[in-house]
Structures are given as C-alpha cells and as structure tokens.
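Some notes on the structure that comes next.
The values are calculated or read from the model by the stated rules, or taken from the named source; none is laboratory data. All figures in this text were calculated on a predicted structure; none of them were measured in a lab. Note that each Cβ is placed from the backbone with ideal geometry, even for glycine, and that neighbours are counted across all protein chains shown.
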Amino acid sequence: MPDETNGDTKEKIVKSDAEWRQELDPETYHITREAGTERAFTGKYAYTKDPGVYTCTCCGQPLFDSDTKYESGSGWPSFYQPIDADAVETHEDRAYGMVRTEVVCSRCDAHLGHVFPDGPEPTGLRFCMNSASLNLKKKD
C-alpha cells in the first residue's frame with residue numbers, strides 16, 4: 001500500500017512504472033497512472049455522504065473535504081473545490097476528440113478525473129473524480 005505517513009507534505013513523489021504497478025491493484029493503476037476512468041455510478045464514493053477528507057489513493061495527500069462534495073448527477077463523486085488550491089494541478093486533455101481539463105494530484109501526479117465549469121456556487125466548478133483515485137478518511 002502507498003505510504004500515507006507523510007500525506008500532508010508537499011514533497012513530490014516520483015516512482016517508476018514498475019513501482020506503481022507493484023503497489024496498486026490493476027484498476028487503480030489504470031485509472032491513476034494511465035488516466036483511465038471508472039464507469040459512471042459504479043465507484044465506491046459515488047453516493048457516499050460520510051463526513052471526512054478524501055485523500056489521494058496513491059500518496060495519501062488530502063485532496064477534498066466532504067463538506068464540498070455534492071450530488072452532480074454525473075455518476076462520479078463531485079466536489080466544488082479542492083481542500084487546498086495547491087493539492088491538485090490541472091492540464092489540458094485532448095484525448096478522445098474532446099477538450100477537457102484533467103485534474104491530477106500535485107504530489108504524485110495521479111490522475112484523479114476532470115474539472116468542468118458547471119458546478120454550484122461558490123466556485124461554479126465541478127471536480128468530477130474517480131472513486132478509485134480517492135480514499136475517504138472518515139471524521140470521528
């Protein structure tokens with residue numbers, strides 16, 4: 001399993017493809033390291049309403065607070081903002097004949113999902129994430 005003891009640090013994590021393959025199950029590897037996508041309405045967090053912090057499944061960095069999660073109807077966990085502006089990075093994604101904005105973990109470059117400009121206030125953004133890219137640390 002990924003080392004989560006340093007989940008709050010901002011030091012970049014760089015591992016070889018072989019190291020990621022050894023640490024992650026095939027689905028998580030495909031989604032986080034090859035920019036895959038889980039099927040809509042199938043992810044473990046699609047309907048979760050438990051309070052807590054969603055962390056990167058690869059490195060443990062805190063990414064989203066459950067207070068910013070909302071039901072978007074898209075079939076994927078959706079948030080209107082990251083826990084910290086520096087927790088995620090975005091890149092233009094032109095795959096599959098579309099232009100989208102990919103969201104990755106700023107610490108380990110794990111593919112998380114995409115962000116769209118059709119979310120609720122106060123940001124107007126919809127961070128549409130793959131459940132396989134996230135771990136929920138429930139609040140006590």
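Summary of computed values
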read-out: Residue within segment 62-72 that is of a type in the set (A, V, I, L, M, F, W, C) and over 12 Å from the mean Cα position of the chain (by Cα) present; value: no
read-out: Subset of segment 114-134 [in a loop (DSSP other than H, G, I, E, B), among the polar types (S, T, N, Q) and in contact with a strand residue (DSSP E or B) (Cβ under 8 Å, 6 or more places away or on another chain)]; value: ASN130
read-out: Selected residue [of a type in the set (Phe, Trp, Tyr), under 17 Å from GLY119 (Cα atoms) and surrounded by 17 or more Cβ atoms within 10 Å (Cβ to Cβ)] from TYR29, TYR80; value: TYR80
read-out: Meets criteria (modelled with pLDDT of 95 or more, farther than 14 Å from VAL103 by Cα and surrounded by fewer than 17 Cβ atoms within 10 Å (Cβ to Cβ)) for TYR47; value: no
read-out: Enumerated strands (runs of 3 or more DSSP E) restricted to segment 26-113, each holding at least 3 residues that are in contact with a Ser or Thr (Cβ under 8 Å, 6 or more places away or on another chain) and under 23 Å from LYS139 (Cβ atoms); value: 52-56
read-out: Matching entry among ALA95, ALA85 (being within 21 Å of ASP17 (Cβ to Cβ) and more than 13 Å from the chain's Cα centre (by Cα)); value: ALA95
read-out: Verdict on CYS105 being of a type in the set (A, V, I, L, M, F, W, C), over 29 Å from GLU121 (Cα atoms) and touching a strand residue (DSSP E or B) at 6+ places or on another chain (Cβ under 7 Å); value: no
read-out: Test result for THR37, β-branched (Val, Ile, Thr) and either within 14 Å of the chain's Cα centre (by Cα) or within 28 Å of GLU19 (Cβ to Cβ) (or both); value: yes
read-out: Lone unmet requirement of (1) surrounded by 13 or more Cβ atoms within 10 Å (Cβ to Cβ); (2) part of a helix (DSSP H, G or I) for ALA18; value: (1)
read-out: Matching residues, segment 98-112, being more than 15 Å from PHE64 (Cβ to Cβ) and of a type in the set (Ser, Thr, Tyr); value: THR101
read-out: Tabulated pairs, segment 118-140, first in contact (Cβ under 8 Å) with a residue 40 or more places away in the chain and surrounded by fewer than 13 Cβ atoms within 10 Å (Cβ to Cβ), second outside any loop (DSSP other than H, G, I, E, B) and not hydroxyl-bearing (Ser, Thr, Tyr), C-beta under 8 angstrom, 6+ apart or interchain; value: LYS138/GLY52; LYS139/GLY52; LYS139/VAL53
